[in-house]
Structures are given as C-alpha cells and as structure tokens.
Amino acid sequence: MSEYQRVLSADPGANYRAHKQEIDAAIQRVLDGGWYILGQEVADFETEFATWNGNATAIGVANGTDALELALRACGVGAGDSVLTVSNTAVATVAAIELCGATPLCVDVQPGTYSMDPESLEHALKAARSGKLPAGVRFPKAVLPVHLYGHPVDMPEVMEIAERYGLMVIEDCAQAHGAELHGRRVGTWGHVGAFSLYPTKNLGALGDGGLIVTDDPKLADQVRLLRQYGWRERYISLIPGGNSRLDTLQAAILRVKLRYLNGENERRRRHAEVYHRLLASTHLKLPVTRPGAVDVYHQYVISTEDREDLQMFLSAKGISTQVLYPVPIHLQPAYRGRLPRLVGLETTERLAGTILSLPVYAELEEAQVRRVAEEILRWVEQHV
Ligand SMILES: *Cc1c(COP(=O)(O)O)cnc(C)c1O
C-alpha cells in the first residue's frame, strides 16, 4: 500500500459499495412499487429492527433529532419541564429537549468512559430537590443518558436513580446501535430509546432517518400519533402532531444494511483491538470498556494533552481524524450562559480539549488501521 494513501475518518460511500447490488435492487423495488412514504417497507424495517434489538416496537421517523423530541414528548415532557442530560454530546441531544419547550440540565461525565456520571446525576437531583432550580423550572421529569461513541452508559445505576426519583428514562442510542451491557442492548433499558440513522452512524441511511424503540404500547401509540399529524386514521387528528415520517426508500436500504450490522460492529471491535494492542505502551489514554459491556466503537477516542499537534501530524500523513466534540454544548454560543446548572461540569470541560477520534469504520482494512497506529507511534517517539 502506498505510504500516502489517504485514510478517511468515516466513509459512508464505502458501506454503500460493500452492499451495492442488494441496495440497488432494494431501491429499484421501491421505485417500481410506487409508494414512497412509510408503507410496507417501513413497517418491515421496524419489525426487523425491533426483533434485532430485543424491543417490542420500533417506529421509524425522519431523523435522530426528531426521534429524541418525539420520545421526550411521548414521555410527557413539555413546557416548564426539565430533563437531565450531558453536555459532551451531539447538539441534537440538548436541542431536542428545548424543542419540547423544556429546560436541559447537564450533569458531568466519567473520565474513563466519557459517559453520564451517576454520582453527578444524583448530586443534581439532590440539588433540585433542595430548591436549587431556577424560578419557573419544575423538578426533572426525565433523564436522557447518551451512549456516546458506541459505549453503553452505566444503565443499572442510572435506572436505579431514575426509579428512586420517579423519572422517565430516554436513551440516546444514536451512536450505539448494537451496544450491550450485561447482555442487554441499549434501547432496552429505559422507557424509550432514540436512534439516528444519519449516513455515518453504525447503521446509516443514504439520507436522513431516525428510529424510536420501546416496549410500552402506550408510548409506542403516542409516538405513532406524533409522527404524522396525530392521525390513527387518515385525515382525523386525535392530538396535535407534526410530520416526521421515514422514507420508504430509506427503509428498504436500511433493511439491507441491518443484515450486515452485527458483522460490521464486529469489524469495528477488531480494529479497536489493533489500536489497543499497538498503542497500549504509550502515554495516550485509550478507550475504557465498562465491565459487562459490548462496545460498538462508533468512535475510537484517544486522549492526549497534545491533541492538536497529533491531529496535524496525522493529517500531514493523509490520515483524517475528528474531534467529537470540540466544545461542550453549555459553552457554545447558542447556549452559553443561559443553561441552568445544578452541578459542576469540570470533567466534561477538561476532556473536550484532549479527545481525538481515530478512523474505525467497518470497511477499513486492517493494514490501514495498523498504518494509523504506526504513525501515532512515530509521533509518540518524537514527543518523549
Ligand atoms: C447523530 C446524533 C444525534 C442526531 O441525529 P440526527 O439524525 O443527525 O438528527 C443525536 N444524538 C447523538 C448522540 C448523535 O450522535
């Protein structure tokens, strides 16, 4: 392989090419079928995904942000409510809470796993109970943990706390299709789970898509109403709803891709093992897997104080990396200074300056992963 061959940080086109014949056939089938919104393909995809994930129901929607918003609304979150979540996440997580008219309350994360710290969650709830909420904001109605980078949150702890305080639990599974903890998939722990099917996610459409999973028939019914004008029957709105439908074409494409997802997640894990093995002896902080967890490595995130230098070094070698996310939500211009806080976010703020995502998608060749690791080792040598 050429020394200068580029390594992309994500490559949705490579996934399409890997399944081109089947995807092209699925697209042709839909084009010929003459039905382009929801329909049988979406219903079949929903059933197949629910079975695959171990949920009673899956409901296709237009994107992951909508999936979160509709899940929250179905749980009864609305104006004047508040929802606990984290600040090191896609902006969509926090945006969805505000789209419901509710107030996001961010708690801190654990340094090793980058995910919601149950201790910080408990502190926030104690502070809320002792009257530290701003005027006009009610005691939290729900908690929205994020399975960031493909790694499951400590759900037994989060569920125990949520039950004690009477909170609904909405899991943000946008980066963690297939991740497990103690043999249970993400999206089966809380009352409802929300997935994004954005092209670069572990399961990605060739456009926008989202999915909500739940075992609760009442929540499922509510989500179905919300996704299409409050309709159960055409042209009769039972509740005020909007439009967040999944395209028939995307469902047909996703049905093909779902069949390969377990194998592709396994390839991501194998790439992660190569990184682990080759980088173990360096000063870099490598991803930590919680005991009992099966990680699906949406991102392989390392941490170093010299993040910018390493990123530039790799870029000069044709290796693309990403920083997810460079600025915690509560420090971004749209949110800075106006999100109420019940606890400190020191770990969240410290980690944002050190994290770097290495290429880890399924279609990478092992030789490419090795080359990335070897370039990093070269950089480490120059930095001792
Ligand atoms: C991608 C993502 C979303 C939003 O999904 P869209 O489909 O882009 O709307 C929400 N939460 C997390 C953690 C994500 O990574």
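What to note about this one:
- Residue match in segment 50-61 (condition: within 14 Å of the ligand (Cβ to nearest atom), in contact (Cβ under 8 Å) with a residue 60 or more places away in the chain, surrounded by 23 or more Cβ atoms within 10 Å (Cβ to Cβ) and under 20 Å from L225 (Cα atoms)): yes
- Qualifying positions in segment 68-102 - within 16 Å of the ligand (Cβ to nearest atom) and part of a strand (DSSP E or B): V83, L84, T85, V86
- Residue in segment 88-107 that is touching a Leu at 6+ places or on another chain (Cβ under 9 Å) and either surrounded by fewer than 16 Cβ atoms within 10 Å (Cβ to Cβ) or at pLDDT below 95 (or both) present: no
- Test: residue in segment 1-11 that is over 21 Å from the mean Cα position of the chain (by Cα), in a strand (DSSP E or B), surrounded by fewer than 16 Cβ atoms within 10 Å (Cβ to Cβ) and more than 16 Å from the ligand (Cβ to nearest atom): no
- Residue check, L261 part of a helix (DSSP H, G or I), in contact with a helix residue (DSSP H, G or I) (Cβ under 6 Å, 6 or more places away or on another chain) and in contact (Cβ under 8 Å) with a residue 12 or more places away in the chain: no
- Residues in segment 126-154 that are assigned to a loop (DSSP other than H, G, I, E, B) and within 16 Å of the ligand (Cβ to nearest atom): L144, P145, H147, H151, P152, V153.
- Wholly within segment 166-254, strands (runs of 3 or more DSSP E) carrying at least 3 residues that are under 16 Å from A43 (Cβ atoms), touching a residue at least 40 places away in the same chain (Cβ under 8 Å) and not basic (K, R): 210-214
- Pairs are defined by a Cβ separation below 6 Å, a sequence spacing of at least 6 or placement on different chains, a first member in segment 87-102 that is within 19 Å of T348 (Cα to Cα), and a second member that is near the ligand (Cβ under 9 Å from one of its atoms) and among the polar types (S, T, N, Q); the pairs so defined are A92/T65.
- Lone qualifier among E157, E180 - being more than 11 Å from the ligand (Cβ to nearest atom), touching a helix residue (DSSP H, G or I) at 6+ places or on another chain (Cβ under 6 Å) and within 30 Å of L261 (Cα to Cα): E157
- So S9, is it closer than 30 Å to T321 by Cα, touching a residue at least 12 places away in the same chain (Cβ under 8 Å) and not assigned by TED's automatic domain parsing to the domain that holds V158: yes
- Given (1) over 22 Å from T200 (Cβ atoms); (2) part of a helix (DSSP H, G or I); (3) of a type outside the set (G, A, S), number of the condition T65 does not satisfy: (1)
The values are calculated or read from the model by the stated rules, or taken from the named source; none is laboratory data. Since the structure is predicted, the reported quantities are computational estimates derived from the model, not experimental observations. So basically every Cβ, Gly included, is an ideal-geometry build from the backbone, and we count neighbours across all protein chains shown.
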